[in-house]
Amino acid sequence: MTGARNRKAGLGRPRLAALALVALLAAAPAGAQERKPVAGTSVSLAAPKGFEPATGFAGLMNKATQASVLVVELPAEAHAQLSALFENAEAAKAGFARQNVTIAALDRVDVGGEKIPLLTGSQIAPNGGAFDKWIALFKGEKTVMLTVQAPKAAKLAPATVKTMIASVSLGKEPSLDDKLAALPFAIKPAAPFRVIDTIGGSGALLTVGDRDTDPSGTQPLMVVAYQTSAPVKPGQEEALSETLLKGTHNLENATIAERRHLPFAGGDGMLLRGSFKHPSGADKAFAQYLAIGPDGRFVRLIVMADESAMPQLQPAIDRTVASIAFTAK
C-alpha cells in the first residue's frame, strides 16, 4: 500500500498491526511556520507552507499537491526492532523492499542535538503513480515513525523535508481519550472489549484480556480502521469486503460462511462471517463489518476470537458495532 493515501492496517496481532503502516510536502522552509502539535500524537512540528492537519489520519496533508506527512506511534520497545532498519542503507533497502519501497539513501538530521536517521526513497503505487518518500525514526515516550510522501510531480524539495524533520519535538504521550477523539470515526467499546491503542490516527486496536501484546493470538482481537486512499463508490461493499479480508494477515485462506447487508456506521454495511485456522493451530472465528461513507471513504471493523468464545462475545460486538459512526472533522 502507498503511505497515507493507500495504506491498510495489518490486522494480525496487537501492536504489530501498526507496523504495516510503515509503507505508507510546497517547497517553503518549515522554519517559516510555527511549530504545532499533531493531534492525537506526542509530535509537534513546523509544517511547510500549504500543509494542514489531516482529517483521516494522524499527520498533515497538502490538498493542492496531494503530499502528506504521516505520524505512526508504537510502543517504546519497538524502537530496538525498527532501528535495525535504519542502521545502514543496505539494511534499509532490504527491509523496506518488502513494503515495495525503494530506499536510495540514508541521511542523518540534527534534531535538538540528536542525529535522527532519515531514509530517502520512492514508491510506485498500484495505479502506476510515482512518489518520493522520506522516513524518519524518533525515540521518545513512544517510538515515532514519521513518513513524508509526495507525488514526483509535486517536486517537494528534500531541503524542505529536512527542515521540517529538524523542527520535530516529542512531548508527553496524549491520553487514550485524546487519541480516540482524534479518530475520523466514533467508537464506544462495550465490555469486555477494551481499547489497547490507536493506529496512526486512523484506526483502533481492542482486545479482551489483560495482555496488550499477544503474539500467540490467544485473546480476542478487534480492529477498526478508516480508509484514506482513493474514494470507493457505493455498491462495491461486498467485493471490497472480500478483497480486504483476503489481504488480512492470517485470514488469506479464511472460509466465508455468511455474507449479508446490515446497518453499519450510519449506512448500508456489509457483514462477512466465517472461520480460519490460526498459525497456533487453534480454530478461530471472525466477523468483518464494512460501510462506505458519504465521501467515498470506508470504515472496517474486524473481530477474531476462538470459535467457542465468539457466541458469548457477540452481544458486546453488536453494541460496539452499533457505536461506530463517521465523524465530521
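The values are calculated or read from the model by the stated rules, or taken from the named source; none is laboratory data. Since we're looking at a predicted model, the values are computed, not measured. Reconstructed Cβ throughout: ideal geometry from the backbone, glycine too, with neighbour counts over all protein chains shown. All accessible areas refer to the heavy atoms of the entire protein, side chains included, with ligands and DNA or RNA removed. Shrake-Rupley method; radii C 1.70, N 1.55, O 1.52, S 1.80 Å.
Of note:
- Looking across segment 260-285, the residues that are more than 12 Å from ASP306 (Cα to Cα) and either at pLDDT below 90 or open to solvent by 20 Å² or more (accessible area, probe 1.4 Å) (or both) come down to ARG260, HIS261, LEU262, PRO263, GLY266, GLY267, ASP268, ARG273, PRO279.
- Pairs, first more than 16 Å from ILE317 (Cβ to Cβ) in segment 253-275, second not in a strand (DSSP E or B), C-beta under 6 Å, six or more apart: none
- Residue match in segment 167-183 (condition: over 23 Å from GLU77 (Cβ atoms) and in contact with an Asp or Glu (Cβ under 9 Å, 6 or more places away or on another chain)): no
- Subset of segment 286-299 [surrounded by 22 or more Cβ atoms within 10 Å (Cβ to Cβ) and either over 22 Å from the mean Cα position of the chain (by Cα) or under 18 Å from ALA325 (Cα atoms) (or both)]: GLN288, TYR289, LEU290, ALA291, ILE292, PHE298, VAL299
- When LYS93, LYS133, LYS115 are screened for being at pLDDT 90 or above and part of a helix (DSSP H, G or I), only LYS93 passes.
- Remark: GLU141 falls outside the filter, which requires a residue to be surrounded by fewer than 21 Cβ atoms within 10 Å (Cβ to Cβ) and more than 26 Å from GLY171 (Cβ to Cβ).
- All positions within segment 180-217 that are among the β-branched types (Val, Ile, Thr), outside any loop (DSSP other than H, G, I, E, B) and either out of contact with any Leu (no Cβ under 7 Å at 6 or more places or on another chain) or open to solvent by less than 10 Å² (accessible area, probe 1.4 Å) (or both): ILE199, THR207
- Residue satisfying all of: in segment 81-100; in contact with a helix residue (DSSP H, G or I) (Cβ under 8 Å, 6 or more places away or on another chain), over 24 Å from VAL43 (Cα atoms) and not polar (S, T, N, Q); least open to solvent (accessible area, probe 1.4 Å) among these: GLY95
- The one condition from (1) aliphatic (A, V, I, L, M); (2) within 18 Å of the chain's Cα centre (by Cα); (3) over 12 Å from PHE264 (Cα atoms) that ALA316 does not meet is (2).
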